[in-house]
Amino acid sequence: MSFWLNQFLTRKNIFFVIIGILLVWVIYLAYSINQPNPNAKSSKEFNVWVVGDDTAGFDDIAKWFKAKYKEYANYNIKFTKFSSYEDYEQTLTSVFWDWWSPDVFVVNNNWWQLLENKISLISTKKISTNDFSKRFNKVFDSLIYDKEEEIKKWKKERVVWIKWIPLWYETMGVFYNWDQIRTVPDTWQDLNKELWNNTTTWDEDSDKSSDSTQEGSFSTIWIWLWADFVASFEDIFSLLAIQNWVDTYQKLDKDWEKILSNYVNNYWIDQNNAFSRLKQEMIKDETNNLDLFAKWKVWMIIGYPSLLKQIELAIKRSGGNNVLNSKNLRTWPIPQNSKDKDQAKNLVNYNYFASSKITKNRDMAENFLQYLSTQEAEKKYLNNFPYYLSAQKELEEYRLKQNISNEYTKVSYESFNTPENSLHNFEKWLKMQFDKFITKKFVNIDTFENDKFSTLIKWLIANIDCNINHLIKNTDFETECN
C-alpha cells in the first residue's frame, strides 16, 4: 500500500512542478510582450499650432522636413488648427501659465508683444541675420533681435538673433465692380468727388441701377455701412489709423477723430445711398457688404486678397442675372490721404512661427524653423495657400506677376502691393479685445456721438494697459480689468 501511495505522491509532485513551470513561462511571456522592444523605434510627437490655415496645407512641409532631417523620421508632426483668433489667443496664453505649450506656434503681428518673452530665440548658426535681411521683405526686419546686453558686470555685448519666421503677408486693396466704376480714385478726397459727381441712382423697383442727371446722386459704397455689416471692419479702422500716422492703440486717444473723419462725414452727406433700404434687407437676410457687392448694390469694398474667398461664396449665394462675374470683378490699390507718394501707406497683416521657450524638443524646433525659412518650404506653403503674398523677396517678385485666381483674372496681387506704399503694423497688443471693441462700439453710426466715443477710446486704452500689466509684466494685480 505504501508503495502505491509513494508512487502517487511522486507523480503528483511532478505534475505540480510541471504546472508551476508552465505558469512561470506564461507569466514571463505575458510580461515580455508588454515590455517595449529596446531595438524598436518609437514614434514621438512634435506639436505645431496654427490659426486660420487648414492643417492639410502643411502636409508637404512636414514630409519634406523629415526627409531633410532624417533624425526626426519617426516623429509625428502634429498640426493643430484653431479656426478663430479669439479661441487661439485665449488658449495659447493660458497654456503658458500651466507651464506647457506646443513646440512651435504662430503669432499675429498685431499682438506679438504678448508672447515675446515666451519664445526661444533662433541662433544665427541656424539662420544668419544678414541672410534673413537679404532674402525677406524689409517689413520683417523687426523680427531680428539686435540689442546690447550686459554679459558681465560693466561689460556689454551686441546680441543678434532671429525671433520669428514668417511665410506670408497680406495688405489691403480695393475690390470694385468695373461695370459701375471704371477707375478707382487714388485718394480719399478724389473718391468723395467721384461720389458727388456720380450719376447713378437706384431704381427702387428693381435690383438694377439706372442713369440719372439728378444733382448730387451717387452709388452706395462700403464705407457708409455700420460696422457689423462690413467684413473686417476692425482692419479697415486700423488702415485708416495707419494712413493718419497712428500706429498703436496708445495714440488713439488724441487722434481718433481724424481717423474717422472720412467715415463719419461721408455717411452724413451720403443722402442718396439707399442705406435705409439696404440695412433692412441685410438684417432680414443676415447678410453684409459682400452680398451687396455680389448683387451690384455696392460698387466697392476694401479688404485683403483672402477676402476673395468670401466674395466668391457671396456670388454663389446670390445667384440670378445681376451677379458679379470675372469680367467685372477687379482690384485696385488702396486710396491714400495724399497724392504725395512718399506718404503712401498700407496696413500689413501676417502670422509668424516661433519656438516655445519651454519645449522639450528644442533642437527639433530650431531645425524646423530653419527649414521654414527656406525657399523650398515657402513654395510648398504658397502652393497650398494662394491668397497670400510671399515673405521672401525673390518669390514675391514672381508672385506679383500672377493673378490670384484662375477664374477671376482681373484680381491681381499687384493691386495689394504697389512699390510706393510703405507697409506698417498697427499694434493692438491684445488683438481680440481691440477688434471686438471697435466693431461693437462703432456698430451704430446713427447714434454716434463724439464725446461718448472719446470716453470709450480712453476706456479701451486703460483696459488694454491693465491686461498687459497682468499678462506680461505680472504687476498691478490689485486692479481689476474689465
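The values are calculated or read from the model by the stated rules, or taken from the named source; none is laboratory data. On a predicted model such as this, the values are computed, not experimentally measured, just so you know. Every residue, glycine among them, receives a Cβ derived from its backbone with ideal geometry; neighbour counts consider all protein chains shown.
Out of the residues in the range 428-447 meeting the condition of being part of a helix (DSSP H, G or I) and modelled with pLDDT under 65, tell me which one is surrounded by the fewest Cβ atoms within 10 Å (Cβ to Cβ).
Step one: of the range 428-447, the residues part of a helix (DSSP H, G or I) are 431-441, 445-447.
Right, trim to modelled with pLDDT under 65 and you get 445-447.
Details: Ile445: 16, Asp446: 10, Thr447: 7.
The residue in question is Thr447.
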I'm told Ile315 meets every condition in (1) assigned by TED's automatic domain parsing to the domain that holds Thr409; (2) under 27 Å from Thr248 (Cβ atoms) except one. Can you identify the failing condition by its number? (2)
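Which one of Lys125, Lys78, Lys68, Lys63 is more than 25 Å from the chain's Cα centre (by Cα), free of Cβ contacts under 8 Å to residues at least 60 places away in the same chain and surrounded by fewer than 21 Cβ atoms within 10 Å (Cβ to Cβ)?
Numbers: Lys78 fails: more than 25 Å from the chain's Cα centre (by Cα); Lys68 fails: free of Cβ contacts under 8 Å to residues at least 60 places away in the same chain; Lys63 fails: more than 25 Å from the chain's Cα centre (by Cα).
After applying the criteria, what remains is Lys125.
Go over the candidates Asn403, Asn421 one by one and state the one that is free of Cβ contacts under 8 Å to residues at least 40 places away in the same chain, of a type outside the set (A, V, I, L, M) and in contact with a strand residue (DSSP E or B) (Cβ under 6 Å, 6 or more places away or on another chain). Don't jump to the end; show me each part of the working.
Values: Asn421 fails: free of Cβ contacts under 8 Å to residues at least 40 places away in the same chain.
Of the residues listed, the single one that is free of Cβ contacts under 8 Å to residues at least 40 places away in the same chain, of a type outside the set (A, V, I, L, M) and in contact with a strand residue (DSSP E or B) (Cβ under 6 Å, 6 or more places away or on another chain) is Asn403.
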Conditions first: (1) assigned by TED's automatic domain parsing to the domain that holds His424; (2) in contact (Cβ under 8 Å) with a residue 12 or more places away in the chain; (3) part of a helix (DSSP H, G or I); (4) of a type in the set (D, E, K, R). Glu366 passes all but one, so which condition is the exception? (1)
Out of all the residues in the range 169-185, is one or more outside the structural domain of Val323 (by TED's automatic domain parsing), of a type in the set (D, E, K, R), part of a loop (DSSP other than H, G, I, E, B) and modelled with pLDDT of 80 or more? no
Looking only at the range 319-358, and only at residues there that are surrounded by fewer than 20 Cβ atoms within 10 Å (Cβ to Cβ) and polar (S, T, N, Q), the one that is nearest to Ile404 (Cα to Cα): Ser326
Does Arg362 satisfy being within 30 Å of Phe46 (Cβ to Cβ), of a type in the set (D, E, K, R) and touching a Phe, Trp or Tyr at 6+ places or on another chain (Cβ under 6 Å)? no
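Given the structure, is Tyr371 hydroxyl-bearing (Ser, Thr, Tyr), at negative phi and part of a helix (DSSP H, G or I)? Break it down into steps so the answer makes sense when it comes.
Details: hydroxyl-bearing (Ser, Thr, Tyr): yes; at negative phi: yes; part of a helix (DSSP H, G or I): yes.
Against the criterion (hydroxyl-bearing (Ser, Thr, Tyr), at negative phi and part of a helix (DSSP H, G or I)), Tyr371 qualifies.
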Counting just the residues of the range 393-422 that are touching a Lys or Arg at 6+ places or on another chain (Cβ under 8 Å) and not in a helix (DSSP H, G or I), which one comes out surrounded by the fewest Cβ atoms within 10 Å (Cβ to Cβ)? Glu420
